[in-house]
Structure formats: structure tokens, C-alpha cells
Ligand code: NAD
């Protein structure tokens, strides 16, 4: 990656096209403004204006949902080989514009380039992976009984709504939209109002790849306006949502009248548990990576460190030294690890925990302050001398903030790990295999990694339990959500049918 000033020059080139037109909706293959006007999009780096964005409401969502419904039969019935080709071309289009996507994403979200460049490429991988699944998506099972051949098939559920958050918007959009298109569904996408740029670029790539108009529609705006209308629209058959747990519960309520199927990927307060028999060098790298990468604005971040009391002091000392060396700075500086928090409100939330921690009796062992007085930068922070009942151990802070809690026995570690409303991921560090198996069996989480950071493998199920969500993504699990099962029973012969009224 080139130096910061070259990168800023390139960024300005990429953004210049938005300065006049702003970001418009795309409905049925047409650029359309929002019926509620426009809103301003600013960067968290220096709070400067980037562009205006279409502000949509029920009228725009209605047009988008109708476009998706009109486009649905032809997309559903398009031969798998053709659909696959379009999806591969989308992947190629993403790869060709990966630098533009990553630069715009950094400016829009405040995430460091070292992570966003990978997120752009992972977006392409999502399309390639699901392109390969198109041909088999409808395959079912043959469940023979004595009198019937029972065939199951799968059909796309219809037009679906996709609502995404601001933390890694590009990657998460591809994660939802790629399997929906592979299944044969059409899409209305409402990206987060705080980071709308990459969704617009992705939409353009899809249309340039030959996606027919109306198959994928983009509606920008706020959750209470555009998002709510999408949840309530009768033509939308399912909602794939990624965001906060309390928004997830609203999504369910809003979709209830029209009996929507919902898939909710929500918050987390994930534990990383380090036993004294672990490879502590690797554990330390993983602990740091899983909370201080992607600004800590990451649902799978390990925000609670549960550390064996026999190694606590030494482990925390090494942690403090490393945390104090993490570079906070401009997201397009190649050296930067942590960029600014997404915006004023979120920055106020993250920094409020610095005082909450002290008031509740924890120690601020590293960080605990903002950086500079422009933009929303905070120092990577570590709280020690904490216990699990403190707010810093129970609430999702969603920033580069780690709370360290000691434990003395395996049973106590498990109790602390499970004592949370959430259940997204867990990370376990031990070289004792039987302990690892015992522990993972009882840990309340949808995904657990043993002696590893979070490494996503696309065919595996992704999702959480408790307040972390409902449903799973990944591989065939995505098709379970975007498709309907259909059972057909074929009689094998003249089995006896009950004769009534004879
Ligand atoms: P959010 O819930 O505030 O917003 C997410 C999206 O929902 C946005 O597009 C927003 O406009 C929309 N929305 C808000 N209110 C709505 C309503 N009433 N109806 C319909 N849509 C509405 O979340 P956020 O602050 O953008 O994102 C951060 C949260 O996302 C964190 O809690 C994080 O853990 C979670 N997250 C979860 C995963 C996962 O896979 N489990 C991944 C990334 C982020």
C-alpha cells in the first residue's frame, strides 16, 4: 500500500463522482431519489461532509418491493448456469474495483485499510462460493417409505429484505445478498445510514455483471423510516438482518403482521478463555487481534478476557505493553490498526465506559482516553480488576475495549463465560483436549474456536444463541433460510386408501 498522501489523493478521485449526485436509490434498474429528500453523510475521520444520500420512506420501499416481485419469476427460472455466470462476473467486478471499495469503506466507516482491503476480497469470495452452489440449491432428498417415494425440493422463498449495519458494511452485504441471489430470490437492500457508499458501488458492479433490473434494489435511509417499511411490506417474504439485539427484536415485531421469516445476526459479549496450560504467545496474539482489529466494532470480538489466576499477572503485563503499542490513526495510513469510531453518538457511548469502569471499581490499565480533538479516535483500552457483574463485562461496548476477569477453576470459567445475555462466539485456549471438549459442550455460543482466532470457513454455520440471534448463515444453512422446502409424495402402488361414506 502506498503512503498516506497518495492514498488520500486516490480516495478523492474515487469520491468525486458522489459530490454532485450524492447516493441515489436504485429501483428496477433506475436511479431514483428518496421521497423524503436527502440526508448528509460525513466521515468519522475529520467529520467532514462526503455526500448527500437519498432519504427513503414507505413509498420508495413499496416501489422497490414491487420491482423485486416483478423480477422474481424470471430470476427464479433462469437456468442455473446463467445465474452462476452472472454471480462469477460480480465477483470479478468486485476484485477489479477492490481498491476503490476498500478506500471508500475506510473513509465512510473509519476502519483501517489493512482490514478493509481484505473485507473487499472476502466479498468477492462470498459471490464465488455461492455461485458454485447455484446448481445444487434446489436439490432435496429422497425419503422412501413402504408406500411412497417422498421427494423434497427447495424453491426460493421470493423477494427478500436485507438490512445491514455500519461496521463492515460491504462484506456483510455480500454475505447476505450472494446466497439470496444463488437461491433464486430477488432483493431489496437497506444499508446502514452511517455508511452507505459501498452498497451503491456493489449494486453498480452487479448490474454491470448482467444482473437483470429489479433483481437487486437499493433503498437508502433511516431504520425507523425505510427499514421499518421494508419489514412491513407484504411482498417481502423474509428479512435478513444484521445489527443490534434490540433492533432485532423490533424487526421481529414489525414483520409479525405479514408473517415474515426472519434471520437475526445480533450483538455479542464474547469470552476468550485462557487456561494456564495454553500456548500463551499464540493466545496473546489472538486476544489482541480479536478485540483491537476492525476497531473492536465487530460482533465476534472477544471483549471479555477470562484468564487463569495463576498466569493473570504476567499475561496482563504483556497485554498492556502490546496494547500501548497499537497505532491509532488515519484509516488510510498503512501503519494504522485502529481508526475513528463510526460517529459522534457511538464515540460518546464507547468513551462513556471509561468512567463507568472506574466508578464500578475496575482499573483502566491501558487507554481510557480519546486521541486528539478532531474525529472520533479512542486509544485501545484494557480494564483489569474487573468482575463479571460490572457493566463493562455485561454490555456490548462495540469498540477497542477489553475487560479482563480472573478465574481459578474450569467450572468458574464456564459459569462466568455463560453469565451474559449474549451467545455469539467463544474462544478457548488450552492444550488439554478433554477439557476443551468438555468446555465447548457446555459453552453457550453459536460458534467456538479452540486455540484459534475467528477463522471463517464459508460452508460452516455462522450465527448466535440467546440475545445474539436466530438462524444461521453459511453453506447450505443460508439456503434453508432463503428457500422453502417442498414435499411431494408419489404412490408406489395401490396401497389401501381409507374409504369413507361407502
Ligand atoms: P443497528 O441495529 O442500529 O442498525 C442496523 C440496521 O438496522 C441499520 O441499517 C439501521 O438503519 C436498521 N434499523 C434500525 N432500526 C430499524 C427498524 N426499526 N426497522 C428496520 N431497520 C432498522 O445496528 P448498528 O449499530 O448499525 O450495528 C452494530 C450492531 O450490529 C452491533 O450490535 C453488532 O454486534 C451487530 N452486528 C452483528 C453481527 C453478527 O453477525 N451477529 C455482525 C455485525 C454487526
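The values are calculated or read from the model by the stated rules, or taken from the named source; none is laboratory data. None of the values given here were measured: they were computed from a predicted structure. FYI the Cβ positions are ideal-geometry reconstructions off the backbone, even for glycines, and counts take in every protein chain you see.
Can you tell me which residues in segment 324-340 are surrounded by 21 or more Cβ atoms within 10 Å (Cβ to Cβ) and in contact with a strand residue (DSSP E or B) (Cβ under 6 Å, 6 or more places away or on another chain)?
328, 338
Regarding residue 251, is this residue within 9 Å of the ligand (Cβ to nearest atom) and in contact (Cβ under 8 Å) with a residue 60 or more places away in the chain?
In short, yes.
Among the numbered conditions (1) more than 23 Å from the chain's Cα centre (by Cα); (2) surrounded by fewer than 22 Cβ atoms within 10 Å (Cβ to Cβ); (3) on the phi < 0 side of the Ramachandran plot, tell me where residue 395 comes up short.
(1)
Mind checking which residues of segment 254-288 are farther than 30 Å from residue 430 by Cβ, away from the ligand (no atom under 13 Å from the Cβ) and either touching a strand residue (DSSP E or B) at 6+ places or on another chain (Cβ under 8 Å) or touching a residue at least 60 places away in the same chain (Cβ under 8 Å) (or both)?
Once the filter is applied, which keeps residues that are farther than 30 Å from residue 430 by Cβ, away from the ligand (no atom under 13 Å from the Cβ) and either touching a strand residue (DSSP E or B) at 6+ places or on another chain (Cβ under 8 Å) or touching a residue at least 60 places away in the same chain (Cβ under 8 Å) (or both), segment 254-288 yields only 261.
Residue check: is residue 123 at positive phi, surrounded by 19 or more Cβ atoms within 10 Å (Cβ to Cβ) and either at pLDDT 95 or above or assigned by TED's automatic domain parsing to the domain that holds residue 239 (or both)?
no
Kindly indicate which of 65, 69, 74 is surrounded by fewer than 16 Cβ atoms within 10 Å (Cβ to Cβ), assigned by TED's automatic domain parsing to the domain that holds residue 213 and modelled with pLDDT of 95 or more.
74
When you scan segment 352-370, how many residues do you find that are more than 16 Å from the ligand (Cβ to nearest atom), in contact (Cβ under 8 Å) with a residue 12 or more places away in the chain and at negative phi?
Qualifying residue count for the region: 11.
So which strands (runs of 3 or more DSSP E) are wholly in segment 161-247 and hold at least 2 residues that are within 10 Å of the ligand (Cβ to nearest atom) and in contact with a strand residue (DSSP E or B) (Cβ under 7 Å, 6 or more places away or on another chain)?
Where strands (runs of 3 or more DSSP E) fall fully within segment 161-247 and carry at least 2 residues being within 10 Å of the ligand (Cβ to nearest atom) and in contact with a strand residue (DSSP E or B) (Cβ under 7 Å, 6 or more places away or on another chain), they are 187-190, 238-242.
Select from segment 306-350 the residues that are within 16 Å of the ligand (Cβ to nearest atom) and assigned to a helix (DSSP H, G or I) and list them in ascending order.
Listed by number, the residues that qualify are 344, 345, 346, 347, 348, 349, 350.
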